[in-house]
Amino acid sequence: MNIDHVASVRQVRRGTHPDPIAAAREVELGGADGVTVHLREDRRHIQDADVRRLREALRVPLNFEIAPTNEMVELAMALKPATAMLVPEGRNEITTEGGLDIVADPERIASVIARLASAGIVTSVFVDAEEAQIRAALVAGAAICEVHTGPWAHAFAQDGGIGPGAVAELAQIERAGALVESLGMRFNAGHGLNEANVSPIARLRGLHELHIGHAIVSQAIFHGLREAVARMVRLVHIER
């Protein structure tokens, strides 16, 4: 699970609550196989201290999402997460809007992956469901391809379920996953997934991991809110 948006809520007040480390413990207890955080250049949600604390506290693997920049690579090499996932990043975007364009800059991406490998870090790349990008990922040395499921999520919403657009996007992701596997890389997927649209992706053959964050945090507002309010009411009544 990606816990970035727990930190987003905290950063609204620049305070200490909610604490992403406490959230990570709940994530572990909920049965997640790993925790993902994206340390952005502008530090809009997760902070450097959060990542260091998570690295020490987690019992499940940490996936460290980063842009392929010198600053982030150096942080990853010092941190030594289980995996580092290279993603594109733009200051003006609300969230990641597309896959990493490895084809446009293969030498730089290969250099970044080699540096991470020298520190014993397995590297994943977040790519669109395109053959050229997946083959470029292999050449660059990536061990894992996380296929971008945002277009599927968008088509699913536009179709109001599994319509023609969603079917086409699902087929594209399925072909991409099969290619990733055939090339000897691990097939992961993520972005825009929620309780309504996740099942067809989860059923794809060879899928190793799904990375989901925003939808789970959103649902937690409703599923966890009753108990949070009840706890506060009890505390208030103690004082009256």
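Contact map, segment 39-53: first residue surrounded by fewer than 20 Cβ atoms within 10 Å (Cβ to Cβ), second residue in a helix (DSSP H, G or I), Cβ cut-off under 6 Å, separation 6 or more or different chains; pairs are Arg53/Ile21. If you go through segment 143-190 and pick out every residue that is in contact (Cβ under 8 Å) with a residue 40 or more places away in the chain and of a type in the set (Ser, Thr, Tyr), you end up with 1.
Out of segment 104-128, which residues are over 15 Å from Ala82 (Cβ atoms) and touching a Leu at 6+ places or on another chain (Cβ under 9 Å)? Listed by number, the residues that qualify are Ile109, Val112, Ile113, Val125, Phe126, Val127, Asp128. All conditions in (1) over 22 Å from the mean Cα position of the chain (by Cα); (2) part of a helix (DSSP H, G or I); (3) modelled with pLDDT of 95 or more; (4) among the hydrophobic types (A, V, I, L, M, F, W, C) hold for Ala176, with the sole exception of (1).
Listed by position, the helices (runs of 4 or more DSSP H) inside segment 192-240 whose residues that are surrounded by 12 or more Cβ atoms within 10 Å (Cβ to Cβ) and in contact (Cβ under 8 Å) with a residue 40 or more places away in the chain number at least 1 are 198-202, 214-223.
The values are calculated or read from the model by the stated rules, or taken from the named source; none is laboratory data. Being a predicted model, the structure only gives us computed values, none of them experimental. As a convention, Cβ positions derive from the backbone with ideal geometry for all residues, glycine included, and neighbour counts pool all protein chains shown.
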